[in-house]
Structures are given as structure tokens and as C-alpha cells.
Amino acid sequence: MAVKKGLGRGLDSMIPEPKTKDEQKKEKTAKTTEKKETAANAEPKVIEKVVVKTEIVPDPSGKPVELDIRTIDANRNQPRTNFDEESLDELSESIRMYGVIQPILVIKRGKRYEIIAGERRFRAAKLAGLETIPAIVREYSDQEITEIALIENLQREDLNPIEEAKAYAQLIETYNLKQEEVAEKVSKSRSAVTNALRLLKLEESVQKKVEFGVISAGHARALAAIEDKEVQREVADQIIDRGLSVRETEKVIGYLLHPVEEDKKDPVQAEDKSVVYRTLEETLKTILGSKVVIKPKKNGKGKIEIDYYSIDELDRISDMLKRLKV
């Protein structure tokens, strides 16, 4: 196409000069900066997240479901208060390897769940770092919850004697039950429930010794016959210090509660003497070099008999006693 002379310069003046590389680079940088500033000043877009909530309702069939472990609370009336840390660690390790084999039992309370049975598994699962735990959701009354928690622990022999006694007392006091009714509910004899409740008469520090297994339930039942709390503590300390058996403890308490006027049996028979008096007898025997018998009476009174087998031995013992006077 031919271009008329004189028009070329006009067209050239209308076409802008090409930009240098530095100018192009500056322009590109300015546009990028502008975009960033625009994005920063813009209102953020709200992305609406849709959460589907599944309401887990009690299932009469007993089919277990997986519950978020964060939505579960311990039983408010759990009779068991002491959980062995070492045992929990062992169970936790087992759960890490094999999972929770037996579901826990829970009741729905509002948007959360409360454990009826299986708190030890629940604690171990939390230690193992589980986010969910298999559970059976049921509906129970407060009394039924207390009974089930007690029965489960009794069947597993997880309760110490004091925890068991307190659980019986809670059923009786809260729901106005008789001892016979409690015994029937937990499949125990009435005498077993009665003997358990007697432990709650023990002085508090003595109860703690029973709770932590320092003294046995047999020792505790024997101590419950003593009404004086101070005497209970003293005898409990003797049980521990001397390593007394239950039978020996019963004899000590028997002599404390029913001291005899005259011991009609052979006084040297160990089975018929209290450990306390036997120890004193042995001490005096060592000092005097002769057999000594202590015969307690009521009100802290009593008498000491020292045997001698010849006039010479009597003189020797007499001389020793005179020297004690100096």
C-alpha cells in the first residue's frame, strides 16, 4: 500500500516511542504492588463451613457407638476414688496396641455423656491419646447409675474396703434403702454389708490406712470394735510396727475390751496372751532372769507374778529389785 508523501511524519508523531526495558520493569512492579494493596484492603471472603451434627440417642439394643472422648465426663457418684497409676499405664499401653476391647457404659446428660461403668478404661484411653472411645448409651435413673457403678466395681474387686463401705452408705442415705435391700441389690449377705458399714466408724487416719492397703479389711473389722478413736490409732500403729496378724490383733483387742480378773489358763501359752503383755513379759524376764506373768484387770489395773524355783533365786531377784530402788 502506497503512503502519500507528507503523511509519514504525522503518523510517526502519533505512535509512541517504544519503552525501554527499565521502564517496562518499573511499570510491571507498580502493577504488582497495586494488586497486592488492593487485595490487602479488600474485605475477606467468609467461607461458610457446613457442619453436620449427629445426635446420638440412647440405643435400647445396646449397640456400641464411637463417642468423642472430649464429650465424656466421669461418674459423679463413682464409688472408686483410687486408681493405681501403674495399672493405668499398663492398660493404656494395651489400648495403644489393641484398642478398647470392651465398650464403656454411659448416659446422656444434655450435650455430654456421663460414665456409668468403665471409668478405668476411659482414663487409660485418654492416656493412650485416643480421640474416640466405643460406648453404649443407655437411660438410667440416678439410683440405678449408682447401683450399676457399685456392682461393676464389686464384681471386678476394684474397690478397697472403705470405698465399698461408703458406696453402701450412699445407697442407704440417698435412696432411703435398708441394709437388706442393699445386700439384695449387690448380691451380698446382709452381714457382709453390716460389717462393711462398721468400718466407717473407724478414725479417719485409720480409714486411710485401710484405703491404701497398709492394714487389711480383717484388721479393720477387728479395730471397729474399739469405740475410743485414740485407742484405734494406737492399736493400728502396733499392727503396722509389729506386723500383727488379724488373729493376733483380735486377741490384743479382746484383752483391751475384756480384761480378765484371773487367768485360769496356763499363763505362758502365747495363744492365750495379748501381744502387748507378752512383749512386756519378755522384757521383764530378760531383766530379772526368771519367768514373769502379767495379769491385767479392769480399769488398767492388774498384777505381775515373778516365778522363783529356790530360796537362792528368790534372794537374787530380791537383791535386784532392791538395787532398782537406789
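Below, the figures for the structure above:
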quantity: Among residues of the range 90-111, those that are surrounded by 13 or more Cβ atoms within 10 Å (Cβ to Cβ) and not in a loop (DSSP other than H, G, I, E, B), counted; calculated: 11
quantity: Some residue of the range 127-143 being more than 27 Å from Ser94 (Cα to Cα) and either in a strand (DSSP E or B) or in contact (Cβ under 8 Å) with a residue 40 or more places away in the chain (or both); calculated: yes
quantity: Per-region count, the range 167-200, residues at pLDDT below 85 and of a type in the set (Val, Ile, Thr); calculated: 2
quantity: Test: Ile151 is surrounded by 18 or more Cβ atoms within 10 Å (Cβ to Cβ), within 19 Å of Leu105 (Cβ to Cβ), among the β-branched types (Val, Ile, Thr) and in the same structural domain as Ile115 (by TED's automatic domain parsing); calculated: no
quantity: Total residues in the range 285-326, condition at pLDDT below 75 and over 30 Å from Val231 (Cα atoms); calculated: 4
quantity: Hits in the range 75-115 - residues which are touching a residue at least 40 places away in the same chain (Cβ under 8 Å) and under 16 Å from the mean Cα position of the chain (by Cα); calculated: Asn75, Asn77, Gln78, Pro79, Arg80, Thr81, Asn82, Phe83, Ile115
quantity: Matching residues, the range 226-236, being touching a helix residue (DSSP H, G or I) at 6+ places or on another chain (Cβ under 6 Å) and either in contact (Cβ under 8 Å) with a residue 60 or more places away in the chain or closer than 22 Å to Val193 by Cα (or both); calculated: Ile226, Gln232
quantity: Meets criteria (of a type in the set (Val, Ile, Thr) and within 30 Å of Thr279 (Cβ to Cβ)) for Val186; calculated: no
quantity: Total residues in the range 72-89, condition surrounded by 12 or more Cβ atoms within 10 Å (Cβ to Cβ), polar (S, T, N, Q) and closer than 28 Å to Tyr175 by Cβ; calculated: 4
quantity: Flag if Leu159 is in a helix (DSSP H, G or I) and out of contact with any Asp or Glu (no Cβ under 6 Å at 6 or more places or on another chain); calculated: no
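The values are calculated or read from the model by the stated rules, or taken from the named source; none is laboratory data. What you see is a predicted model; the values in this text were computed from it and never measured. Because the Cβ atoms are built from the backbone with ideal geometry, glycine has one as well, and the counts that use them run over all protein chains shown.
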